[in-house]
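The values are calculated or read from the model by the stated rules, or taken from the named source; none is laboratory data. Keep in mind that this is a model prediction, so the values were computed, not measured. We place every Cβ from the backbone using ideal geometry, glycine too, and count neighbours over all the protein chains shown. Please note that ligands, DNA and RNA were not included when accessible areas were found on the heavy atoms of the full protein model with its side chains. Shrake-Rupley method; radii C 1.70, N 1.55, O 1.52, S 1.80 Å.
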Amino acid sequence: MRIAVAGATGNIGARTVAVLEQAGHDVVRISRSYGIDLISGKGLDVALAGVDAVVDATSYETADRDEAVAYFGAATSNLLAAEGRAGVRHHVLLSIVGIDRVDGNAHYAGKREQERLVAEGPTPWTIVPFTQFHDFAATLTSWTEHDGVATVPPLLVQPIAPADVAGILAEIATGAPQGHYRDVAGPETQDLVDMARRTHAARGHEVKLVPTWSSLLGPEMAGDVLLPGKDARIAPTTFDAWLADPQ
């Protein structure tokens, strides 16, 4: 198949490209670094010519709700419109478990807009909600660390390995559209503070962790809000296995 990956140079996009190419598929990389801009639409029509399916693994980090909604709205609208012109048969969206249960998070608001546009769009679709990734704790503390101290919210999560996410996205992209896919998670629940501590210890990075809620990740995310549903698909890689070999 000829499959395009939006966000092809990102954490999950690059892994998805690799999985698809290893399976023998013809992969089109959609990224500004390849001269294709989702916000302006530049290069999209050429990139999607002859494409059978699109995997959207784009991400955008901002604390501003309106900015997140505007970005995901524009990028998704342009991508879907170009897919319609090209006759793409399947749009696969990487989404997040629990975004409908959290109102105040800017990123989640953007993802909800993205899901809405995909579900109402012209291309047959599959929306795949994943839990947080195994590297989420380290990413989060890299944003908050200052003078050897990092804040981290005491979240309960059921994290999944980025490599497992990529493999599942590639699998779904090569099949028929399925609409709203079931939640996808890793095999074990974890405390995010403990994940951060263990990740930094494994990497030999000394940092003092201060558990606290923030404006981005507040108490509305406490408890089981971010955990998958009972019928979730469980990926195999444990957090311990990922720490030993962070693929």
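Take the conditions hydroxyl-bearing (S, T, Y) and either open to solvent by 50 Å² or more (accessible area, probe 1.4 Å) or in contact (Cβ under 8 Å) with a residue 60 or more places away in the chain (or both) and apply them to T126. Does it pass? Criteria not met by T126. Please find, within region 99-143, the residue that is farthest from the chain's Cα centre (by Cα) out of those that are among the polar types (S, T, N, Q) and part of a loop (DSSP other than H, G, I, E, B). Selected residue: T123.
Any residue that is closer than 30 Å to A86 by Cβ and under 19 Å from the mean Cα position of the chain (by Cα) - is there at least one of those in region 186-199? No: region 186-199 contains no residue that is closer than 30 Å to A86 by Cβ and under 19 Å from the mean Cα position of the chain (by Cα).
Among the residues making up region 215-232, a single one is surrounded by 15 or more Cβ atoms within 10 Å (Cβ to Cβ) and not in a loop (DSSP other than H, G, I, E, B): M221. Considering T139, T174, the condition of being touching a strand residue (DSSP E or B) at 6+ places or on another chain (Cβ under 9 Å), of a type in the set (S, T, N, Q) and either closer than 16 Å to T212 by Cβ or touching a residue at least 40 places away in the same chain (Cβ under 8 Å) (or both) is satisfied by T174 alone.
Candidates are the residues of region 94-120 that are in contact with a strand residue (DSSP E or B) (Cβ under 8 Å, 6 or more places away or on another chain) and polar (S, T, N, Q); the one that is surrounded by the most Cβ atoms within 10 Å (Cβ to Cβ) is Q114. Of the residues contained in region 163-173, one or more are found to be under 21 Å from the mean Cα position of the chain (by Cα), modelled with pLDDT of 95 or more and either more than 30 Å from V51 (Cα to Cα) or among the acidic types (D, E) (or both). Taking region 175-203 as the range and being in a loop (DSSP other than H, G, I, E, B) and either closer than 16 Å to D135 by Cβ or in contact with an Asp or Glu (Cβ under 6 Å, 6 or more places away or on another chain) (or both) as the test, the residues that pass are R182, G186, E188.
Given the options A201, A176, name the one that is under 19 Å from A4 (Cβ atoms), surrounded by fewer than 16 Cβ atoms within 10 Å (Cβ to Cβ) and hydrophobic (A, V, I, L, M, F, W, C).
Result: A176 is the single residue among A201, A176 that is under 19 Å from A4 (Cβ atoms), surrounded by fewer than 16 Cβ atoms within 10 Å (Cβ to Cβ) and hydrophobic (A, V, I, L, M, F, W, C).
It is to be established whether one or more residues within region 152-171 are open to solvent by 10 Å² or more (accessible area, probe 1.4 Å), touching a strand residue (DSSP E or B) at 6+ places or on another chain (Cβ under 6 Å), over 19 Å from R182 (Cα atoms) and in contact (Cβ under 8 Å) with a residue 12 or more places away in the chain. Within region 152-171 (the criterion being open to solvent by 10 Å² or more (accessible area, probe 1.4 Å), touching a strand residue (DSSP E or B) at 6+ places or on another chain (Cβ under 6 Å), over 19 Å from R182 (Cα atoms) and in contact (Cβ under 8 Å) with a residue 12 or more places away in the chain), the answer is yes, since at least one residue qualifies.
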